[in-house]
Amino acid sequence: MGSENEGADAKSSRVGLLLAFFQTAHEHLLHRVKQREEWIKLHLLSQVGIVALSNGIPMFNVQPSAPAAWVAILALPLSTLFLLLYIVEDRLVKHLANYMSGLPKLETSIVREPPMIPNFDSSNDLQDFYRYSLSYRVWAQILIFILIPYCVVGATQISVFTNIDAKRFPGWVWIGVSVLALVNLVLVKMNEQFRKHGVPVPSATYDPSSAAK
């Protein structure tokens, strides 16, 4: 009888520890999701600042003395920087979500009482949502991190054409901008593949043999 009580207490203690791990991971996940979206906001704000400086537009009560068209050259390098920061957070979010989705199976193996009760992270509904929304997320990233900064450079060049004293951007600028746009596209597609295949989706079925281990 005593051994049974000790076994039950041990299981209860381990399940409680598992719950604490889940809560910690959930809080960390929410923080990382928020940080991931902050990189997008900062990126878009930087692009607005570049447009303002390159065209001599007042911003935040600051009046540029003259348009600084060369600032537009920074649009793609900054975009690549923010994209890398975004991908770091996005991959950590993916790992945290997969860690949380595996906890119900671990809990089942501890208490050895099937069936497993999946949480939302391990549910088929979330996996269906990922498959459905991933392509939209990719197109949104292409728009934000490639098309917008590329258009910033192009729009600034057009504005420069309206000034007879201004000079066109040299060819190396357009080569560099195009190369960085291609780098950003490769990074977006690599992150898409990681989202698809980076971490296996946990099974939502109870395996007695795994519990016995």
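Quick notes on this one:
- So residue 50, is it within 26 Å of residue 169 (Cα to Cα), outside any helix (DSSP H, G or I) and not acidic (Asp, Glu): no
- Qualifying residue in the stretch 16-25 (condition: surrounded by 15 or more Cβ atoms within 10 Å (Cβ to Cβ) and among the polar types (S, T, N, Q)): no
- Any hit, the stretch 174-185, residues being modelled with pLDDT of 75 or more and more than 23 Å from residue 143 (Cβ to Cβ): no
- Condition check for residue 209: exposed (fewer than 11 other Cβ atoms within 10 Å of the Cβ) and either among the hydrophobic types (A, V, I, L, M, F, W, C) or at pLDDT below 90 (or both): yes
- Test: residue in the stretch 142-155 that is under 17 Å from residue 73 (Cβ atoms), in contact with a Phe, Trp or Tyr (Cβ under 9 Å, 6 or more places away or on another chain), assigned to a helix (DSSP H, G or I) and at pLDDT below 85: no
- Scanning the stretch 27-59 for residues that are surrounded by 15 or more Cβ atoms within 10 Å (Cβ to Cβ) and farther than 18 Å from residue 152 by Cβ yields 28, 29, 32, 33, 35, 36.
- Scanning the stretch 91-105 for residues that are at pLDDT below 90 and in contact with a helix residue (DSSP H, G or I) (Cβ under 9 Å, 6 or more places away or on another chain) returns 94, 96, 97, 98, 99, 100, 101, 102, 103, 104, 105.
- The residues on offer are 164, 117, and the sole one that is surrounded by fewer than 16 Cβ atoms within 10 Å (Cβ to Cβ), modelled with pLDDT under 75, out of contact with any helix residue (DSSP H, G or I) (no Cβ under 8 Å at 6 or more places or on another chain) and not hydroxyl-bearing (Ser, Thr, Tyr) is 164.
- Extreme residue, modelled with the highest pLDDT, among residues of the stretch 60-72 that are surrounded by fewer than 17 Cβ atoms within 10 Å (Cβ to Cβ) and hydrophobic (A, V, I, L, M, F, W, C): 70
- Of all the residues in the stretch 39-76, those that are touching a Gly at 6+ places or on another chain (Cβ under 8 Å) and closer than 30 Å to residue 93 by Cα number 1.
The values are calculated or read from the model by the stated rules, or taken from the named source; none is laboratory data. These numbers were taken from a predicted model, which means no experiment stands behind them. Neighbour counts are summed over all protein chains in view; Cβ atoms, including those assigned to glycine, are modelled from backbone coordinates with ideal geometry.
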